[in-house]
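Peer 1: Before I ask anything, here is the structure I am working with.
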Amino acid sequence: MLCILLGVLALHLLVFILLIVSTASSQWSLEKEGHTDLWYNCHSDQNGYHCLQASTGDWIQAVQALMILAVVFCFVSLLAFAYQLFRLFKGGRFYFTSIFQILASVFVMCAAIIYTVMRPRSERDYGYSYVLAWVAFPLSLISGLIYLILRKKD
């Protein structure tokens, strides 16, 4: 049982790190002259390297909010797991932890879908932050489902 708990905890920490890196890093879209993330558009030209705030469109603000919610819900889920690990009665399930982790996966999925559909079409490629968001989605969903079926044993 200890190995299962440590494995689930490691998966949860991996998802949390992926969500933080994806939200905070600056490589959601790449192009020859620069990159774009959720917060800034950075470009280089003959005058140097310049960063401007990201567009103020509703869609980018929705992506920002959903990614922040995913990080917060993943963290609350981690705290709930630690609390339930010591306070849950024998045979109890980690429902509260599971609900928050599944909601985090839904938030990151919605953010990545909105970004995919709404980003401006150009010669841009997707960056590693975008890929990390998509990788975090199934991992957080799997983690939430594992919490759903996991029972506490003494």
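Peer 1: Assess whether Ser25 counts as being closer than 25 Å to Ile142 by Cβ, of a type in the set (S, T, N, Q) and either in contact with an Asp or Glu (Cβ under 9 Å, 6 or more places away or on another chain) or at pLDDT 95 or above (or both).
Peer 2: Numbers: closer than 25 Å to Ile142 by Cβ: yes; of a type in the set (S, T, N, Q): yes; either in contact with an Asp or Glu (Cβ under 9 Å, 6 or more places away or on another chain) or at pLDDT 95 or above (or both): yes.
Yes, satisfied.
Peer 1: So, in segment 1-15, exactly how many residues are under 15 Å from the mean Cα position of the chain (by Cα) and either of a type in the set (A, V, I, L, M, F, W, C) or loosely packed, with under 15 Cβ neighbours inside 10 Å (or both)? Give the derivation first.
Peer 2: Here is the first cut: in segment 1-15, the residues under 15 Å from the mean Cα position of the chain (by Cα) are 11-15.
Narrowing further to those that are either of a type in the set (A, V, I, L, M, F, W, C) or loosely packed, with under 15 Cβ neighbours inside 10 Å (or both): 11, 13-15.
Residues that pass the stated criteria total 4.
Peer 1: Can you tell me which of Leu30, Leu18, Leu79 is within 19 Å of Leu139 (Cα to Cα) and open to solvent by 30 Å² or more (accessible area, probe 1.4 Å)?
Peer 2: Working: Leu30 fails: within 19 Å of Leu139 (Cα to Cα); Leu18 fails: open to solvent by 30 Å² or more (accessible area, probe 1.4 Å).
Being within 19 Å of Leu139 (Cα to Cα) and open to solvent by 30 Å² or more (accessible area, probe 1.4 Å) holds for just one of Leu30, Leu18, Leu79, which is Leu79.
Peer 1: Follow-up question, since we're still on this one. Return yes or no: is Tyr115 surrounded by 14 or more Cβ atoms within 10 Å (Cβ to Cβ), farther than 30 Å from Leu150 by Cβ, aromatic (Phe, Trp, Tyr) and touching a helix residue (DSSP H, G or I) at 6+ places or on another chain (Cβ under 9 Å)?
Peer 2: Details: surrounded by 14 or more Cβ atoms within 10 Å (Cβ to Cβ): yes; farther than 30 Å from Leu150 by Cβ: yes; aromatic (Phe, Trp, Tyr): yes; touching a helix residue (DSSP H, G or I) at 6+ places or on another chain (Cβ under 9 Å): yes.
Criteria met by Tyr115.
Peer 1: Just checking, which of Leu103, Leu139 is out of contact with any Gly (no Cβ under 6 Å at 6 or more places or on another chain), assigned to a helix (DSSP H, G or I), of a type outside the set (Phe, Trp, Tyr) and open to solvent by 50 Å² or more (accessible area, probe 1.4 Å)? I'd like the intermediate steps shown before the answer.
Peer 2: Values: Leu139 fails: open to solvent by 50 Å² or more (accessible area, probe 1.4 Å).
It is Leu103.
Peer 1: From the list Ser55, Ser44, Ser98, exactly one residue is within 20 Å of the chain's Cα centre (by Cα) and at negative phi. Which is it? Step through it out loud before you land on a result.
Peer 2: Working: Ser55 fails: within 20 Å of the chain's Cα centre (by Cα); Ser44 fails: within 20 Å of the chain's Cα centre (by Cα).
Exactly one of Ser55, Ser44, Ser98 is within 20 Å of the chain's Cα centre (by Cα) and at negative phi, namely Ser98.
Peer 1: Any idea which residue in segment 33-55 is surrounded by the most Cβ atoms within 10 Å (Cβ to Cβ), counting only those that are among the polar types (S, T, N, Q) and without any contact (Cβ under 8 Å) to a residue 12 or more places away in the chain?
Peer 2: Ranking the candidates gives Ser44 first.
Peer 1: Among the numbered criteria (1) out of contact with any strand residue (DSSP E or B) (no Cβ under 9 Å at 6 or more places or on another chain); (2) surrounded by 12 or more Cβ atoms within 10 Å (Cβ to Cβ); (3) at pLDDT below 95, which one does Phe73 miss?
Peer 2: (3)
The values are calculated or read from the model by the stated rules, or taken from the named source; none is laboratory data. Source: prediction; values computed, not measured. With ideal geometry, Cβ positions are generated from the backbone for all residues, glycine too; neighbour counts draw on all protein chains shown. Side chains included, ligands, DNA and RNA excluded: accessible areas come from the protein's heavy atoms. Shrake-Rupley method; radii C 1.70, N 1.55, O 1.52, S 1.80 Å.
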